[in-house]
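A short worksheet on the structure shown next.
The values are calculated or read from the model by the stated rules, or taken from the named source; none is laboratory data. Keep in mind the model is a prediction, meaning the values are calculated, not measured. Cβ placement follows ideal geometry from the backbone for every residue including glycine, while neighbour counts extend to all protein chains displayed. Just so you know, the surface numbers come from the protein's heavy atoms only, side chains and all, with ligands and any DNA or RNA stripped out. Shrake-Rupley method; radii C 1.70, N 1.55, O 1.52, S 1.80 Å.
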Amino acid sequence: MSDRPLSPSPEGWESVTTERPVVRWTAITVALVFLALFLLLPLVIVFVEAFRRGAQAYLEAFQEPDAQAAIWLTLTVAAISVPLNVLFGLTASWAIAKFDFKGKSLLITLIDLPFSVSPVVAGLIYVLLFGAQGFFGPFLSAAGFKVIFALPGIVLATVFVTFPFVARELIPLMQEQGTSEEEAALTLGASGWRTFWTVTLPNIRWGLLYGVLLCNARAMGEFGAVSVVSGHIRGLTNTMPLHVEILYNEYNFVAAFAVASLLAGLAIFTLGVKSFLEWRYGDSLSKRVSH
Amino acid sequence: MSSAAPVLSRLKRPSVIPGFGITFGFSLFYLGLIVLLPLAALIVRASRIGWDGFLAVATDSRVLAALKVSFGISLLAALVASVFGLLVAWVLTRYDFPGRRIIDAVVDLPFALPTAVAGIALAALYAPNGWIGGLVEPFGLKIAYTPAGIFIALVFIGLPFAVRTVEPLIAEIDREQEEASATLGASRSRTLWKVLLPPLIPAILTGFALAFARAVGEYGSVIFIAGNLPYVSEIAPLLIVIKLSEFDYAGAAVIATIMLAISFLALLVINLIQAWSRRRFGHV
C-alpha cells in the first residue's frame, strides 16, 4: 500500500500507476452497464414477473399441490446428495492432502471431471445404465426397482453434477495446512478419530461450509441432468426447476416466475453467505483461482 | 489385508497418520461408481454401433448443424465474455467506487442462479415484448428465439469464469513494474499493453477455455431463449434430449461422446496453457 498515494493526488499531479480519470470513469461505466444489463436485469425481471398480478397471485402459485410436491422433492434430493458429497469430500481430501502416493494428480483431475461434462450428458449416462434399454435396465425392472424416472435417478444425476464442489474446496485447503498438527495430536496419544474431530475439522470448518453452500445451491438448482432422468411426472418426479419449466411452457408465467423467485432467493442467499465467508474468514478458505 | 499391505506400501509413502486405506478406498469406490463407470458405459454404448454407425450419426446434417451452432456460438460468446471479463476484473480490482463489494459478489450470480431460472428470465427480457427485446424490435432486430439469444445466454454463463480467473492476477500485479515503466518514459497505454497485459494472457486464455467448455454443454439457460429451430438454433445438448425422447439411445450416446471428447480437449488445452504459463511467467 505504501507506494499508493493515500490522499487524492495534488493539483497537476497524476499517479503513474493508474489511468487518467476520464479513462477510469469510462471503464467503470462500461463495466457497470454491462453487468447491469447481463446480470442484474435477469435477476430483477424474475421478481417483477412473479409479482405482475400482485401478491395474491404470487402466493397462489405455492398453494398448488404440484408446486408443493416439487419443493418437497427438491429438498429431499438436496438432503440426500449433499451429505453424500460431503462424505466423499472429507475422505478424498484426507487421503489426498495427508498422504503422499502415486497417481495423486490423476485422482485430482478425475475428481474435477464432472465439471467438464455437460449436464445433459450427466443425465444420459445414468439412462444408459439404468434405463429400460440400459445395461442394468432389464435386471432392475425384474427386481421391481425403479431408478430412472424416479427418485434414485434424480439423486444420482444430482450427485454427479455436484460431485467436485466439497472436495475441490477441501483438498487445496488441507494441503496448505499440512500434517504437522495432526502428527502432534497423534504423538500425544489421540486416536485417529479424535484427531480428525478436534484438530482437522475445526481447521477446515469454514472451507467445508463454503463447499457445502455451493454444492447445495447447485443441487437444488440443477436442471439439465435432472431433466433427462426425471421423466417430468407432475407431482412425483418434478423438482422445482423442472416445475418452472412446465409452468413456463404452459404459458403460466406468473406461477413459473413465482417458483423461480424462490430459486432466485436461494441464489441471492448463497451469494450473500459466500461473500460473507470470503470477507470474514477469507484466510481459512483455500486460495483457489476459480470455481 | 495381508496381501494388500505390501502393494499399498509401494504406492504410498509411510506416515504416522491413520486412515489412508479406508479414505483412499472409499474415494476410489465412490469416484468409480458415480463418475467413471457411467462414463465408461457411455463410451461402450457409442462404440457398440461400430465406426460406420458412429460416422453416420456424426455426419447427419441435423447433428452437424447442431454441433456447428453449439461450438460456433460458444466460441463467440467465450470471446466476448473474456473481453468484458477482463474489463470487469480490472475495474473491480484497480478502481474504487461505491458499491464495488456488492458488484463483485454479483459477478458470481450465473454460478448460483439455477440455469432454468436464468433461461426464463433472459427469454422474458429479450422477447419482442420484453424490456430489451422491445427496445431493439423497432429496428427489425430479434434476439430471443434466434441464434443471438443463444449467444446472450452463453455470455451470461461464461462471464464469471472470465472474471474470476484473471482477477487474482490483476490483484497481484507488482506496482513497481508499472512505476519502472513510467519512469523509463512509457506512456500509460504503452505500460498497459507492453508491461501489464502480457503476464495476464495465460489467465485470460484459461478463462476463455473454461467459459467455452461450460458454454458448449450448457442446456437450461439456452433452451428457453433459443427457439430451438432445427438447423438454425438447435444446440447439441438439446439434440441429445430429443434423441433420448425418441428412444434413439445410440444416437444420443454418439453426440454425447463427441461433446465429451471436445470438453476433454478443452481441459487438456487449459492444462497446457497453465504448464506454459508456469514456465514463462512462474505462476498459473
Nonlocal amide H pairs with residue B:17, under 5 Å, H built at 1.01 Å: none
Per-residue mean of C-beta atoms belonging to partner chains within 10 Å, peptide A:131-144: 1
Leading residue at positive end of dipole, the stretch B:48-281 (Cβ point charges), from B:107, B:149, B:181: B:181
Semi-axis lengths (Å, descending) of the ellipsoid that matches the C-alpha gyration tensor of the stretch A:159-291: 40, 16, 11
Kirkwood-type radius of chain A, with distances r between different C-alpha atoms, in Å: 22.4 Å
Per residue value of the accessible surface for chain B (all protein chains in place, 1.4 Å probe), Å²: 45 Å²
Backbone HN-Hα couplings from phi across the stretch B:73-90 [Karplus 6.51/-1.76/1.60, Hz, Gly and Pro as x]: 5, 4, 4, 4, 5, 5, 5, 5, 4, 5, 5, 5, x, 4, 4, 4, 4, 5
Heavy atoms of residue A:112: accessible area, 1.4 Å probe, square angstrom to 10: 50 Å²
Computed label-point distance, nm, for sites residue B:280 and residue B:192 using a 7 Å Cα→Cβ extension: 2.1 nm
Average beta-carbon neighbours from other chains, 10 Å sphere, peptide A:16-22: 5
Qualifying GluC sites (Glu not before Pro) in the stretch B:184-284, DSSP loop, other Cβ atoms within 10 Å at most 12: B:246
Members of B:68/B:243; A:146/B:243; A:104/A:274; A:104/B:68; A:104/A:287 lying beyond 27 Å, as alpha-carbon distances in this model show: A:104/A:274; A:104/B:68
Calculated FRET value between residue A:16 and residue B:64, using beta carbons and R₀ = 45 Å, to 0.05: 0.25
Fraction of accessible area attributable to carbon and sulfur, the stretch A:231-291 (%, probe 1.4 Å): 61 percent
Chains B and A, summed buried accessible surface - 1.4 Å probe, Å², nearest 100: 8500 Å²
Average beta carbon contacts from partner chains per residue of A:108-116, 10 Å cutoff: 5
Contour minus Cα-Cα distance for residue A:269 and residue A:281 (0.36 nm per residue): 2.6 nm
Rg(Cα) / (2.2 N^0.38 Å) computed for the stretch B:48-281, rounded to two decimals: 1.18
Qualifying trypsin sites (Lys or Arg not before Pro) in the stretch A:22-123, DSSP loop, other Cβ atoms within 10 Å at most 12: A:102
Loop-exposed chymotrypsin sites (Phe, Trp or Tyr not before Pro) per DSSP, neighbour cap 12 Cβ within 10 angstrom, longest uninterrupted part of chain A: A:14-144
Paramagnetic reach from residue A:80 in the stretch A:208-226 [backbone N under 18 Å; point 7 Å along Cα→Cβ]: A:216-226
Inter-label distance for residue A:26 and residue B:180, nm, one decimal - labels placed 7 Å from Cα along Cα-to-Cβ: 3.0 nm
The protein assembly as shown - convex hull of the alpha-carbon atoms, volume per residue in Å³: 195 Å³
Heavy atoms of residue B:183 accessible to a 1.4 Å probe, total area in Å² rounded to 10: 120 Å²
Spin-label model distance (nm) - residue A:151 vs residue A:139, 7 Å beyond Cα toward Cβ: 2.3 nm
Karplus-derived HN-Hα couplings along the stretch B:174-182 (A = 6.51, B = -1.76, C = 1.60, θ = phi - 60°), whole Hz, x at Gly and Pro: 7, 5, 5, 4, 5, 5, 4, 4, 5
The stretch B:48-281 - percent of accessible surface contributed by carbon and sulfur, probe 1.4 Å: 66 percent
Two-site FRET efficiency, residue A:102 against residue B:271, from Cβ-Cβ distance with R₀ of 22 Å, rounded to 0.05: 0.70
³J(HN,Hα) computed for each position of the stretch A:277-282 - Karplus, 6.51 cos²θ - 1.76 cosθ + 1.60, integer Hz, glycine/proline x: 4, 5, 6, 8, 10, x
